[in-house]
Amino acid sequence: MLEKQKIAITYDWIDKWGGVERVLLTLNEMFPQAEFYTSYYDSEKASWAKNLEIKTSFIQRFPSFIRKSRLASFPFYPYAFESFDFTDYDIVISVTSAFAKSIITRPGTLHICYLLTPTRYLWSDIKLYFPNKIIRSLLSCYLTKLREWDFIAAQRPDHIISISETVADRCKKYYKRNSEVIYPPFDIKYWDKIKSEIRKMSFRPKWRNAPKIIARNDKGGKYFLVVSRLEPYKRVDLMIKALTKEVPIRSRPRPPRYAKSYGQASNIGNGNKTNLVIVGEGSELQKLKNTASDNVLFLNKLTDTELGYLYNNAEALIMPQEEDFGYVSLEAQFFGCPVIAYKKGGASEIVIEGKTGIFFEDQSVECLNNALRKYNMVKYRLKRSTKEIGQKNVESYSKKIFINKFKNLIKTLSS
């Protein structure tokens, strides 16, 4: 019985909230006796983890400016995870896109890795993370050694589960290991409650840093939506560039007095007034703000009810990145919001082309603008079909399915 097994769950760092963190909470629900191990824990930014039993590495004792900086802590992460002692555990589950898979376990301990992706800045996205050729050249020897270590670390799990077919392909390519796919869980019951709350006539979002201009009947309130961590590989810059190229700043009407707060509407594709709303935080935030024109609104730290409200009223969710899975595309479809996505990565597996979304082939401003024009031609049909079949499609990725598959696999591997 799994209830009698001593289980540990490791994750790279517990310092934010996102789709992966929802997976961690589901694992905690599945294995309430489990202890969590991580490099460091930020209780302020990860308040969702306050009820978890968390053990941290020596990085937790570093000064704040070091432990909270990925760059400053970078050389210490491999040692942090290799220093953990899992001698007394029967099962260890590592959830990782970086270092947590490198843990060392005894022969009698079952180590299962739930792989979010092979480490992007070492394999698939080196140029995005290190765009400067000189810096990349100076770091080449170090990155080569780190890739060798990462490959060795990837051989340590007894079994690897990938979060999508896309990640399974990367795992085979970079780590030379086969893996099976179990998609991350989507909590239907939870999001049904959110949807019910939004339907209440009394609900209005209380934005922390913007006026209430995103209500359905607000003048100029049409908007495209981006929900993403603001990191280089997410390519949020593409959407900003697409808007800038589509409508020169000089052609826009004079913005109203509150334009600085939310962004003046611009013309996209067919000339309709549309805003771009970007929800998220990350290392690229300030850079994106500096390059964004006045039709872009940045929001962060939203509740799920506020986020659901955005999905419910958006023109479409834009996903210009190659996602490992694309959890937000499930959220959008659940609320009947069409998805416009780059035709690579997890989104291509879970969005139904022509039914719940449309795809573009290349990560370029031209291709994205073509997709926006295509959307404008089919948007009424696309919105209708997304509302009709979006939730049914999402049910294929339910939390119940995830729990059953994950537990059955562990039972099989443990027997």
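Can you tell me which of 35, 21, 44, 29 is more than 22 Å from the chain's Cα centre (by Cα) and either of a type outside the set (Gly, Ala, Ser) or within 23 Å of residue 323 (Cβ to Cβ) (or both)? Before the answer, list the steps.
Working: 21 fails: more than 22 Å from the chain's Cα centre (by Cα); 44 fails: more than 22 Å from the chain's Cα centre (by Cα); 29 fails: more than 22 Å from the chain's Cα centre (by Cα).
None of the others qualify; the one that does is 35.
Kindly indicate whether any position in segment 376-394 is under 17 Å from the mean Cα position of the chain (by Cα) and outside any loop (DSSP other than H, G, I, E, B). If you could, list the steps in order and put the result at the bottom.
Taking segment 376-394 and keeping what is under 17 Å from the mean Cα position of the chain (by Cα), we get 394.
Subset that is outside any loop (DSSP other than H, G, I, E, B): 394.
Yes, because at least one residue in segment 376-394 is under 17 Å from the mean Cα position of the chain (by Cα) and outside any loop (DSSP other than H, G, I, E, B).
Quick one: residue 118 ticks every box in (1) surrounded by 19 or more Cβ atoms within 10 Å (Cβ to Cβ); (2) touching a strand residue (DSSP E or B) at 6+ places or on another chain (Cβ under 8 Å) except a single one, so which number is it?
Here residue 118 meets the rest and fails (2).
Among the residues of segment 1-20, how many are more than 22 Å from residue 108 (Cβ to Cβ), of a type outside the set (Phe, Trp, Tyr) and modelled with pLDDT under 95?
Step one: list which residues in segment 1-20 are more than 22 Å from residue 108 (Cβ to Cβ), which gives 11-20.
In the following step, the residues that additionally are of a type outside the set (Phe, Trp, Tyr) were identified as 12, 14-16, 18-20.
Cutting the leftovers down to modelled with pLDDT under 95 gives us 15-16, 18-20.
Number of matching residues: 5.
What's the total number of residues in segment 395-415 that are closer than 23 Å to residue 329 by Cβ, part of a helix (DSSP H, G or I) and not acidic (Asp, Glu)?
Taking segment 395-415 first, the residues closer than 23 Å to residue 329 by Cβ are 395-406.
From the residues that got through so far, the ones that are part of a helix (DSSP H, G or I) too are 395-397, 399-406.
Filter again for not acidic (Asp, Glu), leaving 396-397, 399-406.
The total comes to 10.
Condition first: of a type in the set (Gly, Ala, Ser) and either at pLDDT below 95 or not in a helix (DSSP H, G or I) (or both). Now tell me which residues in segment 163-207 satisfy that. Steps first, please.
Of segment 163-207, the ones of a type in the set (Gly, Ala, Ser) are 164, 168, 179, 196, 202.
Those that are of a type in the set (Gly, Ala, Ser) and either at pLDDT below 95 or not in a helix (DSSP H, G or I) (or both): 164, 179, 196, 202.
Quickly run through segment 335-348 and pick out the residues that are assigned to a helix (DSSP H, G or I) and either modelled with pLDDT of 95 or more or among the hydrophobic types (A, V, I, L, M, F, W, C) (or both).
The one that is assigned to a helix (DSSP H, G or I) and either modelled with pLDDT of 95 or more or among the hydrophobic types (A, V, I, L, M, F, W, C) (or both): 347.
In the set 107, 118, which member is more than 19 Å from the chain's Cα centre (by Cα) and either of a type in the set (Lys, Arg) or at negative phi (or both)?
Values: 118 fails: more than 19 Å from the chain's Cα centre (by Cα).
Residue meeting the stated conditions: 107.
Given 294, 304, which one is of a type in the set (D, E, K, R), touching a helix residue (DSSP H, G or I) at 6+ places or on another chain (Cβ under 6 Å) and modelled with pLDDT of 90 or more? Even if it seems obvious, please write down each step before you answer.
On the way: 294 fails: modelled with pLDDT of 90 or more.
Criteria check complete, one pass: 304.
Under 6 Å by Cβ, and 6 or more places apart or on different chains, what pairs join a residue from segment 394-406 that is farther than 13 Å from residue 27 by Cα with one that is of a type in the set (Ser, Thr, Tyr)?
397/183
Across segment 389-406, what is the number of residues that are of a type outside the set (Val, Ile, Thr) and under 13 Å from residue 337 (Cβ atoms)?
Residues flagged as of a type outside the set (Val, Ile, Thr) and under 13 Å from residue 337 (Cβ atoms) within segment 389-406 amount to 3.
The values are calculated or read from the model by the stated rules, or taken from the named source; none is laboratory data. Treat the numbers as computed from the prediction; the structure is a model and nothing was measured. Quick reminder, even Gly has a Cβ in these numbers, built from the backbone with ideal geometry, and neighbours come from all protein chains shown.
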